[in-house]
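The structure appears below as structure tokens.
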């Protein structure tokens, strides 16, 4: 299991130290939640702060866009060259076009599904993307409880990916901890995003290690 700590739960008063700490603790990716206050009722960080995060990080960035104008934000964050740039299918009218745009920057395109969104909405773009991010909480805020139906969704997606012979990764975000990570692994999840669980722990390394199953 790969682990991507979400800096939404980090101490922004000493963000540089926090980024270095999770990288030293052995994380695989640094998950960055970008919210515009419209698609979700929260406003987070812009490219200036994320640029600082990229400089402090020794691990690739995993940028999750929770915004209304995906093309605008893609152009804004693409110069920072994250490993993954994900957008919500619920908000995008022309996903194929956006996927091609993201890939033109040599960035791996990923699509996000809210807890209520059906997998059928990405059936015809699955072979075009490198990762699917399944939200196991309603996006916008950290520290929420895991929505149990997300397990069945992950299992179904795993079957879709395997049946198509694809290498598309499955990422899960929301309410992840050491108690449910084994179920996520069994459901076929490849990457877990964890914010509150890691950043509220006494040892970032122990928390990250506990998610490697």
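Read-outs: derived from the displayed coordinates by stated rules, not from any lab. Everything numeric here is computed off the predicted structure, so don't read it as measured data. Cβ coordinates were reconstructed from backbone atoms using ideal geometry, including for glycine residues, and neighbour counts include every protein chain displayed.
Numbers for the structure displayed
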item	result
Whole-number percent relative contact order across the chain, with pairs defined as alpha carbons under 8 Å at least 6 apart	22 percent
Binned Cα-Cα distance frequencies in region 124-213 - 5 Å width, integer %	3, 14, 26, 22, 18, 11, 5, 2, 0
Relative contact order (percent, whole number), region 114-199, Cα cutoff 8 Å, 6+ residue spacing	33 percent
222 nm mean residue ellipticity, helices alone, for the chain (DSSP H n ≥ 4; -39,500 (n - 2.57); rounded to 500)	-9000 deg cm²/dmol
Over region 111-176: Kirkwood hydrodynamic radius from C-alpha pairwise inverse distances, Å	12.1 Å
Spin-label model distance (nm) - residue 185 vs residue 104, 7 Å beyond Cα toward Cβ	4.2 nm
Rounded Å value of the spacing that divides the Cα centres of region 138-212 and region 1-33	16 Å
Antiparallel %, DSSP beta bridges [both residues in the chain], to 5	5 percent
Alpha-carbon Rg with Dmax, taken over region 4-51, Å	11.4, 35
Region 63-213, Rg to Rh (Cα coordinates; Rh as Kirkwood inverse mean 1/r)	0.96
Selected from 45, 129, 19 as most flexible by GNM, with the chain as the system and alpha-carbon contacts under 10 Å	45
Alpha-carbon Debye profile of region 1-147, log10 I(q)/I(0) at 0.13, 0.15, 0.17 Å⁻¹	-0.55, -0.74, -0.97
Spin-label pair residue 119/residue 15, simplified geometry with 7 Å Cα→Cβ offset, distance in nm	3.6 nm
